[in-house]
Amino acid sequence: MAYNASPRARGSLLTMLRMQAMISIGSILDRDGGIGGGFAFLRVFLATLVVFYHSFVVVGGDPLSQQELWFIGYSVLAVFFSLSGFLITGSALRLSLPNFLLNRSARIVPALAMDIVLSALILGPIVTTVSTADYFSDISFYKYFFNILGFPHYVLPGVFTTHPWPQVNISLWTIPWEISCYIIMASLIYLRMLNRTFVIMSMAAAITMVGVIIVGLDHGFPVHYQVHRVIHYFLGGTGSRLVICFLLGILFFQYRHSIPYSWTLFAICVLWCLGLAAFVRPYSIMSLAPIMNVFAAIPMVYITIFLGMTRIPELPILRHGDYSYGIYLYAFPIQQVVYALHPGKFPIANFCLSMPFVLAFAMISWHLVEKPILAYRKKFSFSPVKHPPKASSSAHGTVSVSDAGARS
C-alpha cells in the first residue's frame, strides 16, 4: 500500500531538504564561531606530508619521476597557500595595515630566524667537512643569513656536500612566495580593495593567462632574455600556483556564504585531482605549470576549505600548540642529518627516523619561540581599525577567524 504523506509532512521534508542544500562554508563558520575544526589537523597533516615527500628527495630519489608521488609535491604547498589565504583574510578584514604586518612578521620571522641561526651556528660547524676557520670565513656562511630576509640560500660551506641533495634546507624556496602573497594582501588592505572580489579575481586570472601565454610562446616571448626569465619564473613556473591558490583562498573566504559545503562536490573534486595525478605526466608540470593551474587550482582549494570546515577529531598531541610551521622549517635539515648517520635508499626509513626529532624541534620552537612572540606582540599592537571595511555582497555576516599559525 502506497504511503501518502500529509501536506504538513511534505512541507517539513521540503524545508529540511532546502536547509541541507543551503549549507555553505560561511554557515559552518557562523555555527562554529570561528575556523572549522579541520584546519588544525590539516596544517599538521600537510606539513607531515611535506616531510614524507622530501624523504624521497633526501635519499636521492626523484619523486617527479614517480606517477604516484608527483601530485603530492605539486599540491601540498598549493593547499598550504590556499589555506593561508582563506584564514588570513578573516583577520585582515578587521586589522589595520600596521597590525596586519606586525602579525605576519611575528608569526613567520622568529621561527625562521631561529632555524637559520641553529643551522648556521650549530649544525654547520658540527657536520662540515672543512676546518672551522674556513667555515666561518666562507662567503656562503654569511649569505645563509639572508634567508631571514626572504632571499633563499641553500648551502653552507662543507655541509652535506656528499649527499644526493647538498642543500641544507630546500624548504626555504617558498619564503619569497610567501612574502609576495603578504605584499599582495598588504596592498589590498592599503588600497581598501580586499572586499573588491572582481579585483582579486582579475589578478588570479591575469597571472594564469599570462603564464599560459608564456608557455605557448616559449622562448619566442618578445622581451629581453633576463626579463623573460624573471617573468617565466614568477608567472610561468611551478611557483605560480602558490600565488594563484592564495588569491583563490581569499576569494573563497569572500564568497563563503555562496560556496556550498557539499560532500558530493568534495568527492567530485577529489576524483578530479586523482584523475590528474594518474594521467598527467609528472615532468609535464615543469613546462606546463600554468596550464596545470587552470585544471587543478580550484578543486584543490575547495578540498582544502571543505576539510578545514569539517570536524576532524583532534589528536591529543595537537591540543597544546600549532606545530605545523616548525615541522615545515626544521624537517629537511634533520632529514639530512639522519641520512648522514644512516645513508641508504629507503625513504620510508628516513621519514620514520626523522619524524620524532622533527616533531620535538617543532614543539620546542612553538613553546619557546613562536607562542611567546605571538603573545608578546600584543604589547606592540597599533590602534585597531575604528571602521573596518564593509563586507562585500558575497560575504554576509561577521565571522571571527583566527589565523594563528596559518602556514603558507
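Computed values, structure above
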| read-out | value |
| --- | --- |
| Among (1) at pLDDT below 90; (2) part of a helix (DSSP H, G or I); (3) not aliphatic (A, V, I, L, M), the one test that Pro222 misses | (2) |
| Some residue of region 307-319 being in contact with a Leu (Cβ under 9 Å, 6 or more places away or on another chain), closer than 13 Å to Phe41 by Cα and surrounded by 21 or more Cβ atoms within 10 Å (Cβ to Cβ) | yes |
| Contacts under 9 angstrom Cβ, first residue in region 171-182 being among the small types (Gly, Ala, Ser), partner modelled with pLDDT under 90 and assigned to a helix (DSSP H, G or I), 6 or more apart | Ser180/Phe234 |
| Selection within region 148-163 - of a type outside the set (Val, Ile, Thr) and loosely packed, with under 15 Cβ neighbours inside 10 Å | Leu149, Phe151 |
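The values are calculated or read from the model by the stated rules, or taken from the named source; none is laboratory data. Please read these numbers as outputs of a predicted model, since none were measured by experiment. Neighbour counts run over all protein chains shown; Cβ positions are idealised from the backbone, glycine included.
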